[in-house]
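Mind looking over this structure? Questions follow.
The values are calculated or read from the model by the stated rules, or taken from the named source; none is laboratory data. Fair warning: this is a prediction, and the values are worked out from it, not measured in the lab. Note: ideal-geometry Cβ built from the backbone for every residue, glycine included; neighbour counts use all protein chains shown. SASA here: full protein model, heavy atoms, side chains in, ligands and nucleic acids out. Shrake-Rupley method; radii C 1.70, N 1.55, O 1.52, S 1.80 Å.
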Amino acid sequence: MSQVALPTKSTMSESTLIPFKYVNENPVDKSLECQICLEPLFDPVVEPNCRQMFCKDCLKKWLKKKGSCPNCRQKTKISATAPAPLFVTNQLDSLKVSCPLCSKEFERAYKIQHENFCEEKVVNCSASDVKCSWSGPRKDFSSHTKDCCYLGLKPILSSLQSETKVLKDKVEQLQSQLSKLEQVQDDFNKKRKRDSGFDSKYSKFRKRFTLSDKTREKRYRDSDSDSSNSYIS
């Protein structure tokens, strides 16, 4: 019976990293333990002030919160650290670790290689980006791909997702333009209302002014009429 090819990163989506365990039969020298996580150093770096070694990720997280070396308490930055000597890294990578999923033991140097091929590691379908919800042990991946309808439709679904994104971006752009137009309309209505109030006041003033002119004209005519009547008498 022919063997089924193991799936690779290009044909599946990784879910979580495997928390490898150190084998108890291989004690670690205290000088090779990180003072932060108390585990054997991983990707070790040397702090420039006290020359103490730490895991790079551990020190990065520590400095983000504290800003100073956990050993000498002096201010430092992760960019100021240097990689640990090669012989230290080689010694650490020779430590035996075990996989908690499949129980296999191997040197730490092969951690990533085992990570990529562990049959018990939970992985996602490579069509998870187009809504396939399957996840399971890597050993079941091949059988899933035979039945997964999303994989065959992935090119079409990916294209539709891209088109949908373009349309959403266009809708957001149009909504933004509409919001600006509504603001302009609102400002125009407020100005028009102010102008209408001014016109109303001006109209009332003009009306009073016109009535005053008519009143004066009437009084003048009445006065002139009275004068004419007096003259005739």
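Place a point 7 Å from the Cα of residue 91 along the Cα-to-Cβ direction; which residues of the stretch 37-54 have their backbone N under 15 Å from it?
In the stretch 37-54, the label zone of residue 91 (backbone N under 15 Å from the point 7 Å along Cα→Cβ) covers 40-46, 52-54.
Got a number for the accessible area of residue 165? Probe 1.4 Å, square angstrom, nearest 10.
120
Looking at this model, which pairs from 65/139; 21/139; 30/111; 56/96; 64/165 are more than 29 angstrom apart at the alpha-carbon?
Values: 65/139 41 Å; 21/139 22 Å; 30/111 22 Å; 56/96 21 Å; 64/165 36 Å.
Pairs exceeding 29 Å: 65/139; 64/165.
Charges only on Cβ, +1 for Lys and Arg, -1 for Asp and Glu: so what's the dipole of the stretch 61-134 about the Cα centre, in debye to the nearest 20?
Numbers: 13 positive and 7 negative charges, 163 e Å.
In debye, rounded to 20, the stretch 61-134 gives about 780.
Under the rule a/c < 1.5 gives rounded, and otherwise a/b versus b/c splits prolate from oblate, where does the stretch 76-115 land using the Cα gyration tensor? Kindly include the intermediate steps, with their values, before the conclusion.
Numbers: a/c = 3.70, a/b = 2.14, b/c = 1.73.
Judged from the Cα gyration tensor, the stretch 76-115 comes out prolate (a/c at least 1.5, a/b above b/c).
How far, in nm, would the chain grow between residue 177 and residue 189 when pulled straight, counting 0.36 nm per residue and subtracting the alpha carbon separation?
2.5 nm
Arrange the residues 36, 112 by how much accessible surface each exposes, largest first, with a 1.4 angstrom probe. Write down the numbers at each step before the final one.
On the way: 36 55, 112 115 Å².
From most accessible down to least: 112, 36.
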